[in-house]
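Worksheet for the structure shown next.
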Amino acid sequence: MSVEQFLVIFSEEGLCPVYEEYLLQNMAWENFGFYNEVEKFRTIENQELLEAEARKIYDRFIEVDSAHELGDITYQLREKIRQSLESPTREMFEELSQIVMDSLVNSTVTDFLRDPLFLNYVDSRFPIEEPEPQSGLFSSLFSCFSRVFV
């Protein structure tokens, strides 16, 4: 599945929570949670806040046996990120973020687009309007056909 589809899902204000709910229901939330936190992290300007948030992300998603430990991380990458905590930058999670996004794209997007959660969201956002009743010959023909095919 394409990265573009994932990015649309992630950036669509109404659709992103639906996707998150789908991931929660399918025990696949960790990658989404990490990606979402990193996207917010990248916007931080204040260095002290950046350091605190980097530590929170590490403790929540990267530390061994953490509550939401990512499965797609090597020992080397974990160590590289751990060492970056001493002087964090907004790009410090970039490599892992790309791995996580690729995992989400390849393992969840296609199924999500077929899931009732997505289909119900689409139906609620874009309801199919019933055609207005027609008059005259067209209306008569339409009513005849509708009786035949019902």
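Taking all protein chains together and rolling a 1.4 Å probe, Lys40 ends up with roughly 110 Å² accessible. Cα centroid separation, the range 57-74 to the range 87-132: 22 Å.
Between Ala28 and Cys16, the modelled label-to-label distance comes to 1.9 nm, taking each label 7 Å out from Cα in the direction of the beta carbon.
Spin-label model, Glu4/Arg55: points 7 Å from Cα along the beta carbon direction are separated by 4.3 nm.
The values are calculated or read from the model by the stated rules, or taken from the named source; none is laboratory data. Computed from a predicted structure; not experimentally measured. Quick reminder, even Gly has a Cβ in these numbers, built from the backbone with ideal geometry, and neighbours come from all protein chains shown. When the accessible area is computed, the model is the full protein with side chains, heavy atoms only, and any ligands, DNA or RNA have been set aside. Shrake-Rupley method; radii C 1.70, N 1.55, O 1.52, S 1.80 Å.
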